[in-house]
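To start, the structure under review is shown below, and the notes come after it.
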Amino acid sequence: MTIDTLLPTPDIFSAKRILCVQPHYDDNDIAAAGILKRLQKSGAEIFYLTVTNDLMGVIDHSLSPETAAEALKRDQLAAGEIVGVKEQFWLGYPDAGKYDYFDLRRDILKYVRQLKPDFVFTPDPWLTYEAHRDHIQTGLATAEAVMFAGLMKIASSDPAVDSAYEGQPIDGIVFYYTREPNTIADITSTWGDKISAVRCYQAQFEPDDMDMLVMALDMKSRQLATNRNIEHGEPLKILHPQSLHCGF
Ligand SMILES: [Zn+2]
């Protein structure tokens with residue numbers, strides 16, 4: 001036996017319940033809507049948890065915070081319909097603002113214990129040159145929540161959820177926005193759905209900026225597909241939760 005057979009890369013296609021924890025309202029779909037739609041079509045249930053209120057990037061400055069929040073939610077729910085997201089949850093931390101890392105970890109831990117996913121998606125917090133703290137904090141807090149899900153001395157933000165939790169193995173954590181993928185997911189069959197979902201995010205993108213984003217996604221996904229006999233790929237780092245500590 002080798003370490004690779006002891007801790008193999010988890011099989012993403014075995015996923016049945018997937019929790020995707022994103023810093024902002026569009027990250028899950030920009031990064032991973034292709035693979036998520038594939039998994040949803042093969043029967044997986046998908047849940048989104050959004051960490052921040054995302055108000056900083058809204059392009060129409062005349063909107064009140066309440067109206068802007070409604071516009072963001074409208075975009076998000078429309079995209080979620082396309083991807084087939086079963087349910088969405090929001091934490092409402094201030095976008096690009098000041099909040100406590102441990103509060104965030106407790107809140108994410110609550111949803112991990114409540115929803116009992118077998119796979120959890122989040123941004124790679126170790127992405128080199130990632131400057132947005134919301135992405136780093138979300139990815140790290142999610143990784144810790146996955147690692148600590150079964151350690152009941154570490155409380156979540158909801159005692160009732162903790163006392164009802166009976167332990168549920170998490171088969172894998174999937175980092176998107178990564179420079180070190182171990183998997184290029186073939187998203188050729190769901191590329192159209194992905195782009196339709198991404199185009200729902202109108203509150204934060206001028207039409208020209210959206211066209212540029214779609215073009216960049218297209219070029220990147222084709223570059224990743226080179227020599228793989230596919231048209232479009234999404235880069236993922238898929239790890240067993242036991243690989244989240246001390247280099248295993
Ligand atoms: Zn983001």
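Annotations for the structure displayed:
- Considering segment 53-64, the residues that are at negative phi and touching a residue at least 12 places away in the same chain (Cβ under 8 Å) include one that is nearest to the chain's Cα centre (by Cα), namely N53.
- Among the residues making up segment 117-135, those that are away from the ligand (no atom under 11 Å from the Cβ) and in contact with an Asp or Glu (Cβ under 7 Å, 6 or more places away or on another chain) are D118, F119.
- Candidates A96, A71, filtered to the one that is within 16 Å of the ligand (Cβ to nearest atom) and among the small types (G, A, S): A96
Yes/no per residue for (1) of a type outside the set (S, T, N, Q); (2) touching a strand residue (DSSP E or B) at 6+ places or on another chain (Cβ under 9 Å):
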| position | (1), (2) |
| --- | --- |
| G172 | yes, yes |
| T188 | no, yes |
| Q204 | no, no |
| E234 | yes, yes |
| L239 | yes, yes |
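- Qualifying residues in segment 13-35 (those that are under 14 Å from the mean Cα position of the chain (by Cα) and away from the ligand (no atom under 16 Å from the Cβ)) - the one farthest from C200 (Cα to Cα): R17
- Residue match in segment 74-97 (condition: assigned to a helix (DSSP H, G or I), crowded, with 17+ Cβ neighbours inside 10 Å, among the charged types (D, E, K, R) and in contact (Cβ under 8 Å) with a residue 12 or more places away in the chain): yes
- Within segment 9-27, residues that are on the phi < 0 side of the Ramachandran plot and without any contact (Cβ under 8 Å) to a residue 24 or more places away in the chain have Cβ atoms under 8 Å from residues that are within 8 Å of the ligand (Cβ to nearest atom) and outside any loop (DSSP other than H, G, I, E, B) in no pair, counting only partners at least 6 apart in sequence or on another chain.
- Any hit, segment 145-165, residues being within 16 Å of the ligand (Cβ to nearest atom) and either in contact with a Pro (Cβ under 6 Å, 6 or more places away or on another chain) or modelled with pLDDT of 95 or more (or both): no
The values are calculated or read from the model by the stated rules, or taken from the named source; none is laboratory data. What you see is a predicted model, and the numbers here were worked out from it, not measured in a lab. Neighbour counts run over all protein chains shown; Cβ positions are idealised from the backbone, glycine included.
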